[in-house]
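Student: Next up is a structure, given as structure tokens.
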């Protein structure tokens, strides 16, 4: 079972100089994405007293059961949606964050050549302004100083991840404009937007080499070779967040998504001692900033406190 969330402490970095609590919004496509991308970062900030809200665009209804130990989920999309909601609540509790559903329907991951059309009414087919309106509304209600989401590729080519990027970028741009999205709350201007960096080639290589040096068997050898062969470009990392003390929270959140995460599978293939020693951070790319900041950073709120004085 996930551990009991750690109560937020009165950390000096959790508030702006005037006493206002800092706020972080992480925008994700599906339930489980918040646990596999930046989870230790959100757990750290939440534990330090920053207000953290995870926004989940879809219900993950079309996700397959990826954990071979789980069994089957009955009831079609509604049945899977209900299970994923329970999993998401447990993951949010493990991370110590709040969570909000945008309410769109999972698009699924099309396979084949040529690719089949996306299902009617799914998130990726919703017009951009219609899809962005509820996120603009929650941005204006929650008033985040910092937002995180995926890069323009989605991190990988899932249509919901690409759409999540588009919607988050639109909300970041439009939420502070009183002429746009009228009727969706009072304008609020977030100050920084970041893209998550997950399994970068640099991280994979460092952990891979550490496992081999310790005499273990790395799960990343074939992956590294295939990525190098395809010459996948590495996006710029601007911000490293030290968060190894919260890897246990991240792992508890991952295990909460029992339909998706095999506790004996990929996400747990790296010995935690190796990970803590060789790669104790999570990485981000500063995509937009409305405040001055100096790169590289070690804090998503770098420059924000100064701007709020």
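Coordinate-derived values only; no laboratory data. Only a predicted model underlies this, so the values are computations on that prediction, with no experimental measurement involved. Cβ: placed from backbone, ideal geometry, glycine included. Neighbour counts: every protein chain shown.
Student: For the chain, set up a GNM with springs between Cα atoms under 10 Å and report which of 63, 155, 265 has the largest fluctuation.
Tutor: Comparing 63, 155, 265 in the GNM, the peak value goes to 265.
Student: Can you give the extra length, in nm with one decimal, that the chain gains between residue 295 and residue 205 once fully stretched, where that is 0.36 nm per residue apart less the Cα-Cα distance?
Tutor: Here the segment from residue 295 to residue 205 would lengthen by 30.0 nm.
Student: Follow-up. Relative to the present Cα-Cα distance, how much length would full extension add between residue 73 and residue 272 at 0.36 nm per residue of separation?
Tutor: 68.5 nm
Student: Here's a follow-up. From Cα pairs below 8 angstrom and at least 6 apart in sequence, can you work out the relative contact order of region 1-142, rounded to a whole percent?
Tutor: Computed value for region 1-142: 25 percent relative contact order.
Student: Give the order of 200, 35 when sorted by the count of other beta carbons within 10 angstrom, beginning with the fewest.
Tutor: Ordered by Cβ neighbours within 10 Å, fewest first: 200, 35.
Student: Report the full-extension gain for the segment residue 85 to residue 189: residue separation times 0.36 nm, less the Cα-Cα distance, to one decimal in nm.
Tutor: Value of the extension gain: 34.5 nm.
Student: Another question, if that's okay. What whole number of Å gives the distance from the Cα centroid of region 163-212 to the Cα centroid of region 85-152?
Tutor: 12 Å
Student: Right, something else. Which residue fluctuates most in the GNM of the chain (Cα springs below 10 Å): 186, 225, 111?
Tutor: It is 111.
Student: Out of (1) 144; (2) 152; (3) 284, which label holds the value of volume of the Cα convex hull per residue in Å³ that was computed here?
Tutor: Only one listed value fits the structure, namely (1).
Student: Now a separate question. So what's the back-of-envelope 222 nm ellipticity for the chain, counting only DSSP H runs of four-plus at -39500 (n - 2.57) apiece and dividing by all residues, rounded to 500?
Tutor: Calculated from helices alone, the mean residue ellipticity at 222 nm is -10500 deg cm²/dmol.
Student: Pairs of Cα atoms under 8 Å, at least six residues apart: use those to get the relative contact order of the chain, whole percent.
Tutor: 24 percent
Student: May I pose another question? Give me 58, 153, 72 sorted ascending by neighbouring Cβ count inside 10 Å, so fewest comes first.
Tutor: In order of increasing Cβ crowding within 10 Å: 72, 153, 58.
Student: Further question on the same structure: Take each of the peptides 97-109, 205-217, average the number of other beta-carbon atoms within 10 Å over its residues, and list them starting from the highest.
Tutor: Descending mean neighbour count gives 97-109, 205-217.
Student: Please report 143, 23 as a ranked list, fewest other C-beta atoms within 10 angstrom at the top and most at the bottom.
Tutor: 143, 23
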